[in-house]
Amino acid sequence: MIVRRHAPFTALFIILSILAVAPLLAVIGYTFLEDGSLSFDSMLSVLQNNSIFKTMQNSLLLGLYVIALTTCIALPLAIIRTKTILAKYDWLDIIFTIPFMTPPYIGSMGWILFMQHNGYYEQIFQADAPFTFFSVAGMVFIMSMHLYPFLYLMLKNALLRIDGSFQDATLIYGGHPIMNWIRAILPLLISSYVMAALLIFIKTLAEFGTPATFGKRIGYDVFTTEIHGYLSHWPINISAATSLSLILLSVCMLIWYIQNVISRKHSYGTLSGKSTNANQMKDSLIIRIVSSGYVLIILGLSIGVPYFSIIATSLLKVRGEALSLSNITFSHYTDLFTIGSSSFQALMNSINFAFVASTIAVTIGFCAALYIQDGKRKPQQFLDVTSLLSNIIPGIVFVVGLILFWNAAWLPATIYNTSWMPIVTYIVLFLPYSVQYTKSALSQLHPSIHQSNAVFAQNSWIILLKIWLPLLGQGILAGWMMTFIISMRELVGSLLILPPSVETSATFIFSQFEQGDVSKGMAMAVITVLLTILCIFLIELLQRKALRTN
Amino acid sequence: MKIHLKGVEKKYGNVQAVKPIDLTIEDRFVTILGQSGCGKTTLLKMLAGLTEPTAGEIYFDDTQIFSQSQKVNVKPNRREIAMVFQDFGLWPHMTVFDNVAFGLRGKVSKSERTEIVHDALKKVKLEQKAKMKPGELSGGQQQRVALARAIAVNPKLILFDEALSALDAILREEMREEILTIVQSIGSKAIFVTHDQTEAMAMSDSIIVMNSGEVVQTGTPEEIYHSPNNSFVANFIGKTNWLEEQERMIRPEHVHLYPQANTTTRSAVVRKCMYEGDRYLIFVETNGLLWKFYDHHPHMQGERIKLYIEENTIHSLQKQEA
């Protein structure tokens, strides 16, 4: 009976340990163990290397700059979307998730193609760019254009929750509107802001795509590119890579800890019952023009420009020649879909790996979410944290760990150098999505559903088939799609762990862009983003439907 | 069915949610009454098998359904019980019919199922809504579906967890009566958990009063009302006038403005007067204590009055405790 009761936990525990915990231990072990004894040599040698401080400084500064710029973009946007006539248009939020969902390496390739010498900017405006885009500022700009939707959505939700009766109470008891805002709204907003900003910081530190494409051109090295460099360029230095991974990991953990402390101390239940936003919006013409204009500019910069660049490039017959109808061809797309071509093979690999990975991840995530429930007991909390590890820990750290773990000499069998390696990597990296989608579908149900099941169902199969699958199916499917689409274009893991001569769409785009046929690469990029956008809309649709049926 | 608890307790870490309880429940309609957080829902869930006690044994008649020492823990769906929840706990994706039929799956044939479900829905007067989803029904109707689901499985015991709290006052009173009639008609036993003392008084043959994880008194509603064991029960159930704080008490309906048989007098000053529809509740100060009694006329604040109290209805707590 004891065994039976603990069986689900034990099974999940073993799976998650092998997938997520073992690689992390491998990183720590490789750094600090030398011939079976504790040693700090490799860590010290990395710390004594001068370039480490430069790298660290680069990474941290980049994080701060990106926070600053995303704030400047997102705060006005959040205010516009809650206080002006634009508050009505909820579909705008779906549009705003597009830049966030666009793979960052594709976004920065788009900007590079647009701004580079003889790029689309010069062609369109018939003049040199008035400023040097290829600088740290440009990199901060590109990354902010990718990350601002995240901050925006968090700020907007915070503002929305504050509305309702809080707003009414400040109207009745407060004084001047500006003082009201400073005294009542701002303190309530600040905790959400700080949390979102710290997450932006972590995301910036963990980002690989933009530093690898844009950063490399301007010689701006950060943690992720250095780790990648140590593992992929001669001389290969694994202990330097693991040491650097651990430093990056510590920084992220520290920030995550601070974030947790802040959220525990300073978050308030800002959900105050009836928060119907009934006050009519009566905006003056100027406000309407300014707010719509702002939204259009941001969308233009974050979607318009990069998408224009990659689409244009994918259609060009001869690169370098002007954009004109006579210079347009679909041959790159026909190449792409020619069965047997390397590009088609890469696309199929991506789809296959992503399909298997997301299916397994969703199964694990579904079981984990069901087991975790409200996370009151210790084993539940433990599984909760483990399954969400890769939300906090940068992907590249996991990738380094996976390489080390699956290369360990004592393993009786390994998946290294097989197609299972990328699949396992994607599962580890994106498991949090499937867990969270199922969890959020579960949280919309009454807590007594579990008890109803226990009292009335004759066996667990009936519960699974008649209750969980129909009730959570849409959430699970949304999680599956999310995992599928981000696995499909994952870059850093794929660059490091793919077996020899196997390519995925992401590595294909990357290698074609770096040294090859850029147009071919961009055709693949267009397919990738189209699939992404399609999935965004499908997920949105599923979730709306799920909300309505519940 | 007789329910017997032997030293049943529940600890969460160091917090004792339910202290060791020894109890035999024989009456048909039993209420567990207490304030929120007193452990009453935990006790109910232990009976249901939804929460595992940290110690003790539970028997339904002579069958052992839980024992910590012998590692017996019959699953909820094998205990021949049903449960009605505060938030109904209906499966939102199933029709009313399927919700009610669910507990019968794997137990009876399909045609039999249809018959039982229709019968149950008829009892709760919802035959017309069989094809609807729970979300399309009102709160009261949803609670009826939950009740139909409970009676459909023909349980020996139905557990009601604050089942009426989510309903409005009028509906609540209607449902009370309906639940009693229906549960009686299927010959089942019922245990209600509630914090509402009027509900407890109206619905049960006996009441179990709980306070901070302990059973403080069990008895018929009348016993509990007229002879509370201690000051907690006295204050928690009904309105109490203390002759001496924590020692001797009298209920407001035994305090009058005019002399009656066996009454003694005391003087008082009116402090407040509240209209209750059928009568006035009057707060007075007497001997430095705040008393309440009823009258058919309002009284002015500050008015000096004379109270006549029925000596033989005075209840002494010390006598009980000794």
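Nothing in this text is a laboratory measurement; each read-out follows from the coordinates by a stated rule. Given the structure is predicted, the values throughout are model-derived calculations rather than measurements. Note: ideal-geometry Cβ built from the backbone for every residue, glycine included; neighbour counts use all protein chains shown.
Residue B:94's amide H: which non-local residues (gap 5+, or another chain) put their own amide H closer than 5 Å, with H modeled 1.01 Å from N in plane and none for Pro or chain starts?
none
Antiparallel as a % of all DSSP beta bridges within the range B:154-248, to the nearest 5?
55
How far apart, in nanometres, would the label points at residue B:11 and residue B:127 be if each is projected 7 angstrom from Cα along the Cα-to-Cβ direction?
Between residue B:11 and residue B:127, the simple spin-label model gives 5.5 nm.
Going by how many other Cβ atoms sit within 10 Å of their own, how do A:371, A:173 line up, fewest first?
A:173, A:371
Would you order A:265, B:19 from fewest to most other beta-carbon atoms within 10 Å of each residue's own beta-carbon?
Starting with the residue having the fewest Cβ neighbours, the order is A:265, B:19.
If you fit an axis through the alpha-carbon atoms of helix B:110-123 and take the longest principal axis of the Cα set of chain B, what angle between them do you get, 0 to 90°, nearest 10?
Compared with the principal axis, the helix lies near 20 degrees.
Using a Förster distance of 51 angstrom, determine the FRET efficiency expected from the C-beta separation of residue A:538 and residue B:297, and round it to 0.05.
0.10
Please list 3J(HN,Hα) in residue order for the range B:16-33, calculated via the Karplus relation 6.51 cos²θ - 1.76 cosθ + 1.60 where θ = phi - 60°; whole Hz, with x for glycine and proline.
Residue by residue, the range B:16-33 yields 8, 6, 10, 7, x, 10, 10, 7, 10, 10, 10, 5, 7, 10, 10, 10, 9, 10 Hz.
At a Cα cut-off below 13 Å, give the aspartates and glutamates reachable from residue B:131, other chains included and same-chain residues fewer than 8 away excluded.
B:98
Can you compute the label reach from residue A:260? Point 7 Å from Cα along the Cβ direction, backbone N cut-off under 14 Å, restricted to the range A:368-389.
A:381-389
Could you point to the residue in B:153, A:63, A:437 farthest towards the positive end of the protein assembly as shown's charge dipole, with +1 and -1 charges on the Cβ of Lys/Arg and Asp/Glu respectively?
Positive-most Cα among the choices belongs to B:153.
Hey, got a sec? Which trypsin sites (Lys or Arg not before Pro) in the range B:45-89 land in a DSSP loop and have at most 14 other Cβ atoms within 10 Å?
Counting only loop positions with at most 14 other Cβ atoms within 10 Å, the trypsin sites (Lys or Arg not before Pro) in the range B:45-89 are B:71.
For the range A:490-504, what does the Karplus curve 6.51 cos²θ - 1.76 cosθ + 1.60, with θ = phi - 60°, yield as ³J(HN,Hα) per residue in whole Hz, taken in order and with x for Gly and Pro?
4, 9, 5, x, 4, 4, 8, 10, 5, x, x, 6, 9, 10, 10
Just to be sure I understand: with springs between alpha-carbon atoms less than 10 Å apart, which residue in B:124, B:15, B:215 has the highest mean-square fluctuation in the Gaussian network model of chain B?
Result: B:15 has the largest fluctuation of those listed.
Say the cut-off is 30 Å between C-alpha atoms; which of B:75/B:129; A:265/B:11; B:122/B:189; B:2/B:129; B:40/B:71 go over it?
Result: B:75/B:129; B:2/B:129 exceed 30 Å.
Applying the Karplus parametrisation 6.51 cos²θ - 1.76 cosθ + 1.60 with θ = phi - 60° to the phi angles of the range A:102-114, what ³J(HN,Hα) value in whole Hz is obtained for each residue in order, glycine and proline being reported as x?
Karplus values, whole Hz, x for Gly and Pro: 5, x, x, 5, 5, x, 6, 4, x, 5, 4, 4, 6.
If neighbour count is taken as other Cβ atoms inside 10 Å, put B:72, B:84 in order from fewest to most.
Fewest-to-most Cβ neighbours within 10 Å comes out as B:72, B:84.
Please build a GNM for chain B, connecting alpha carbons under 10 Å apart, and tell me which residue among B:182, B:58, B:151 fluctuates the most.
Maximum among the listed residues: B:182.
Which whole number gives the average, over all residues in B:67-76, of C-beta atoms from other chains lying within 10 Å of the residue C-beta?
2
Please check: in the Gaussian network model of chain B (C-alpha springs, under 10 Å), which one of B:170, B:81, B:21 has the largest mean-square fluctuation.
With Cα springs under 10 Å in chain B, the top fluctuation among B:170, B:81, B:21 is at B:170.
For residue B:290, enumerate residues with amide H under 5 Å from its amide H, sequence gap 5+ or separate chain, H modeled in the peptide plane.
none
Return the long-range amide H neighbours of residue B:8 (sequence gap of 5 or more, or a different chain), with a cut-off of under 5 Å between placed amide H atoms.
Under 5 Å from the amide H of residue B:8: B:21, B:57.
If you take the beta carbon distance between residue A:465 and residue B:265 as r and set R0 to 56 Å, what does 1/(1 + (r/R0)^6) give as a FRET efficiency, to the nearest 0.05?
Rounded to the nearest 0.05, the efficiency is 0.15.
Could you check what % of the DSSP bridge pairs in the range B:23-161 are antiparallel, to the nearest 5?
65
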